[in-house]
1. Could you run through the stretch 1-51 and say how many residues are farther than 16 Å from ALA75 by Cα, assigned to a helix (DSSP H, G or I) and polar (S, T, N, Q)?
2. Farther than 23 Å from LEU132 by Cα and of a type in the set (Lys, Arg): does that describe ARG104?
3. Looking only at the stretch 84-107, filter to residues that are within 26 Å of SER14 (Cα to Cα) and touching a helix residue (DSSP H, G or I) at 6+ places or on another chain (Cβ under 8 Å); which one of those is surrounded by the fewest Cβ atoms within 10 Å (Cβ to Cβ)?
4. Any chance the stretch 42-49 includes a residue that's of a type outside the set (A, V, I, L, M, F, W, C), in contact with a Leu (Cβ under 7 Å, 6 or more places away or on another chain) and in contact (Cβ under 8 Å) with a residue 24 or more places away in the chain?
Amino acid sequence: SRFITNAKSTVGASGLMQLMPATARWVAKKIGLRDYHPGQVNDTETNVLLGTSYMRLVLESLDNHPVLASAAYNAGPGRARNWRADRPLEGAIYAETIPFSETRDYVKKVMSNSVYYSALFDGKPQSLKKRLGVIPPRTGGEGREKGEELP
C-alpha cells in the first residue's frame, strides 16, 4: 500500500494492510468483531486491526517464521507451506525459489525493511541473513492442528 490508507489493488485487496474481502470477513469473525461489514475494511483503524490480527494468526500457524509469514500474507498460507522444502533451507534460498515474482519481491522487500526498521527503532542492527534465518522442512500437517485452515 506504500502507506496509502485507501489503496486498492488490482486483485481487490483494500486499505493499508491490503486485505482481501474474504480474509477481512474471516478475521473479523475469528477475533469477534461484531457487526463487521465489508465497507469497514477501508476504515484505517479497522483495517490495521484486521491486518495485524491476520498476521499474528499466520505467524502462529507457520512456526513464527517471518519469511514464511510474509509469503503467506501475500500469496496465502497454503502456498507458503507448500513451497517449503523437504529439508531445512536458508530463508534467502526459500525466498528466491518462490515461484510467483510478486510474492518473491514482496518477501524480499518486507524482510529488508524489517531489518532497517528494527535497527532504526530498536537500535539493534541485525544482518539480513540472520533475520531470514532457516526455514524448517515441510512436515505435511503444520498449521492444521487446530482444525481450521487460514484463508
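Laboratory data are not the source of any read-out in this text; all were calculated from the coordinates shown. Note that this is a predicted model, so its numbers are computed, not measured. Cβ coordinates were reconstructed from backbone atoms using ideal geometry, including for glycine residues, and neighbour counts include every protein chain displayed.
1. So the count comes out to 5.
2. On the way: farther than 23 Å from LEU132 by Cα: no; of a type in the set (Lys, Arg): yes.
No.
3. Within the stretch 84-107, the subset within 26 Å of SER14 (Cα to Cα) is 95, 98-107.
Then keep just the ones that are touching a helix residue (DSSP H, G or I) at 6+ places or on another chain (Cβ under 8 Å); that gives 95, 98, 100, 102-104, 106-107.
On the way: ALA95: 23, ILE98: 22, PHE100: 14, GLU102: 11, THR103: 21, ARG104: 18, TYR106: 19, VAL107: 29.
The extreme case among them is GLU102.
4. The initial filter retains those residues of the stretch 42-49 that are of a type outside the set (A, V, I, L, M, F, W, C), namely 42-47.
Then keep just the ones that are in contact with a Leu (Cβ under 7 Å, 6 or more places away or on another chain); that gives 44, 47.
Next, from what is left, pick out any that are in contact (Cβ under 8 Å) with a residue 24 or more places away in the chain: 44, 47.
Yes, the stretch 42-49 contains at least one residue that is of a type outside the set (A, V, I, L, M, F, W, C), in contact with a Leu (Cβ under 7 Å, 6 or more places away or on another chain) and in contact (Cβ under 8 Å) with a residue 24 or more places away in the chain.
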